[in-house]
Amino acid sequence: MQKPFDFVIFGGAGDLALRKLIPAWYRAYRDGQMPEGSRIFGTMRKAEQAENYRAMVREAAFNYLRDDEIDNETWNKFEACVFGVFINITERDEHWDALAKTLQEGNEERIFYMATPPAVFSACCKNISDSGMINKTSRVVVEKPLGYNGESAEKINADIAQYFEEDAIFRIDHYLGKETVQNLLALRFTNCIFEHLWDSKSIDHVEISISETVGLEGRASFYDDAGALRDMVQNHLMQLLCLVAMEPPSKLNADSIRAEKLKVLDALRPLTGDDVAANTVRGQYVAGESGGKQVPGYLDELGKDSNTETFVAIRAHIDNWRWSHVPFYLRTGKRLKQRCAEIIIQYKTVTHHIYPDSAGAMIPNRLVIQLQPDERVQMIVTSNNLEKHEADLVPSVLNLNLTDNYDKFYSDAYKRLMLDAAANNPALFIHRNEVDAAWGWIDPIIDAWQRPENKPQPYPAGSWGPQAAMDLLGEDGRCWFNVG
Ligand code: BG6
């Protein structure tokens with residue numbers, strides 16, 4: 001039975017805490033997964049906000065949760081476990097001592113969540129330590145972005161490591177908490193049919209796409225510094241790539257999974273200098289029609305000139321036995337045509353076609369693992385058109401909609417990851433070595449993008465990105481799954 005814990009969110013009045021973390025804990029509480037006696041503290045640097053924290057989280061959470069999820073009686077009980085704390089993260093004063101005292105009198109299990117910009121991680125960890133809050137159970141959860149490049153990530157990691165051991169540092173990537181991502185592991189490693197068909201002998205190529213319809217969403221200054229490569233590729237897309245490409249871990253535990261993911265990152269073929277222009281596409285949206293309305297371009301939303309990319313496509317190769325000559329196409333962007341996150345495993349066609357040409361061309365099998373908007377797995381298989389007398393081959397879909405089997409299913413990646421952090425299970429969190437290896441692959445791309453010829457290419461909002469992204473696959477005789 002899990003022990004009750006104290007969960008301290010630094011940055012408790014911020015967007016992440018209000019929109020993701022508190023609703024996730026409410027769901028956990030409602031589902032009986034939050035041990036009795038657990039407490040959630042949100043810190044903020046305005047005393048008045050801290051005094052009215054419960055009202056603040058209620059208003060925010062009620063906006064965010066679906067109506068059918070809110071039960072006032074349950075919320076009232078949950079709310080009694082939530083506390084606002086007035087603290088200035090970077091200033092060590094009596095308010096830190098007061099929080100330390102409250103924690104010492106509370107639960108032994110302690111989790112600190114850094115829902116703050118990375119610039120204050122170090123000062124915050126120091127103050128946690130100096131005020132005596134760290135006990136032998138303490139762990140810290142850190143949010144991305146973990147650095148701006150390899151060097152800054154190393155510094156952040158080194159700063160945190162002064163106060164917490166590696167096994168007490170939980171680096172979060174919320175994509176790893178998505179149910180379909182979890183199911184990818186189940187699919188690959190519990191089904192005989194897939195593991196035998198999971199390499200260059202059977203697979204033609206892999207596509208991993210995360211497309212968004214939103215633009216800057218009020219995060220202009222953060223996003224313009226980061227861009228799509230740092231914001232989405234260095235973490236979410238590379239983690240998905242690792243899960244698709246890794247060897248079966250010997251056990252389902254953090255050490256085995258992380259070791260296999262690291263091998264994939266180490267085997268990624270480096271992209272440097274001219275390879276970068278040949279294998280990557282950068283884009284930036286201009287005004288266009290998105291979601292039925294006219295929206296401004298990135299520069300207009302931002303209000304200044306910028307070379308930041310809002311779209312990235314990359315052709316990557318993993319140089320190992322399993323994946324030799326299998327391209328992995330990665331793509332992500334803002335203000336694209338549809339919101340969708342998908343992994344497509346495109347199989348090769350059979351080696352010999354026994355049907356006459358009139359039956360149609362051979363259709364390769366395709367495994368589609370959709371993370372959002374729906375959580376489903378589809379297998380495209382070839383079958384015969386029943387309406388025709390003569391042979392007529394058509395693609396048909398075997399469909400597993402993961403949510404259909406559950407009456408009340410609210411997928412919440414943060415809930416899953418918060419519960420894992422509370423249970424001290426780091427399997428779905430990222431090891432420092434993975435962060436370093438991912439930056440090791442990304443940094444040379446960023447360097448090459450500084451060349452004037454690698455400026456982002458414009459694409460209209462509401463499209464699928466710049467033409468160059470279509471050409472990237474076109475030159476290999478392929479096309480993106482949803483841009484047929
Ligand atoms: C975040 C990025 O990590 O992921 C955002 O910073 C992005 O820019 C978001 O919008 C996408 O997450 P999801 O779960 O909505 O696909």
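The values are calculated or read from the model by the stated rules, or taken from the named source; none is laboratory data. Worth saying up front: this structure is predicted, and the values here are computed from it rather than measured. Here the Cβ is made from the backbone with ideal geometry for all residues, glycine too, and neighbour counts use every protein chain on show. Heads up: the accessible areas ignore ligands, DNA and RNA and are worked out on the full protein's heavy atoms, side chains in. Shrake-Rupley method; radii C 1.70, N 1.55, O 1.52, S 1.80 Å.
Considering only DSSP beta bridges where both residues belong to the chain, give the percentage that are antiparallel (nearest 5).
Looking only at bridges with both residues in the chain, the antiparallel portion is about 55 percent.
For the charge dipole of the chain, defined by +1 on Lys and Arg C-beta atoms and -1 on Asp and Glu C-beta atoms about the Cα centroid, which residue among 169, 400, 17 has the Cα displaced farthest towards the positive pole?
After comparing all options, I get 400.
Report the Stokes-Einstein translational diffusion coefficient (µm² s⁻¹, integer) for the range 382-431, Rh taken as the Kirkwood radius over Cα pairs, at 37 °C with viscosity 0.692 mPa s.
For the chosen part, D equals 215 µm²/s.
Can you classify the range 1-68 as rounded, prolate or oblate using the Cα gyration tensor, where a ≥ b ≥ c are the square roots of its eigenvalues, rounded means a/c under 1.5, and otherwise it's prolate if a/b beats b/c and oblate if not?
It is oblate, given that a/c is not under 1.5 and a/b is not larger than b/c.
Kindly provide the helix-only [θ] at 222 nm of the chain, computed as the sum of -39,500 (n - 2.57) over DSSP H runs of four or more divided by all residues, to the nearest 500 deg cm²/dmol?
The helix contribution divided over the chain gives -9500 deg cm²/dmol.
To the nearest 10 Å², what's residue 470's accessible area with a 1.4 Å probe?
Accessible area of residue 470: about 40 Å².
In degrees from 0 to 90, rounded to the nearest 10, what is the angle of the helix 179-190 Cα long axis to the longest principal axis of the chain?
60
Which of rounded, prolate or oblate describes the range 345-442 when judged by the alpha-carbon gyration tensor and an a/c cut-off of 1.5?
Oblate, because a/c is 1.5 or more while a/b does not exceed b/c.
Please report the orientation-averaged projected area of the chain, defined via the convex hull of its C-alpha atoms, in nm².
For the chain, averaging the hull's shadow over all directions gives 25.3 nm².
Once you sort the root eigenvalues of the Cα gyration tensor of the range 143-218 as a ≥ b ≥ c, which label holds: rounded (a/c under 1.5), prolate (a/b larger than b/c) or oblate (the other case)?
prolate
So if I average 1/r over every pair of distinct C-alpha atoms in the range 391-484 and take the inverse, what Kirkwood radius in Å does that give?
Result for the range 391-484, one decimal place: 19.1 Å.
Taking the highest mean first, how do the peptides 44-54, 187-197 order by number of other beta carbon atoms within 10 angstrom per residue?
Listed from highest to lowest mean packing, they are 44-54, 187-197.
Could you work out the mean projected area of the convex hull around the alpha carbons of the range 229-315, in square nanometres to one decimal?
The number I arrive at for the range 229-315 is 8.3 nm².
Could you tell me which of the pairs 101/126; 3/46; 77/415; 144/261; 155/334 are separated by over 21 angstrom between their Cα atoms in the structure shown?
Long pairs (Cα-Cα over 21 Å): 3/46; 155/334.
Evaluate the relative contact order of the chain (contact order divided by residue number), counting alpha-carbon pairs under 8 angstrom at least 6 apart; express in whole percent.
Result for the chain is 18 percent.
Using DSSP to define loop residues, name the GluC sites (Glu not before Pro) in the range 418-484 whose beta-carbon has at most 11 other beta-carbon atoms within 10 Å.
In loop regions of the range 418-484 (DSSP not H, G, I, E or B), the sparsely surrounded GluC sites (Glu not before Pro) are 475.
What does the charge dipole of the chain about its Cα centre add up to, to the nearest 20 debye, if the Cβ of each Lys and Arg holds +1 and the Cβ of each Asp and Glu holds -1?
Its charge dipole is roughly 200 debye.
How large is Rg over Rh for the range 4-161, taking Rg from the Cα atoms and Rh as the Kirkwood inverse mean of 1/r across Cα pairs?
0.97
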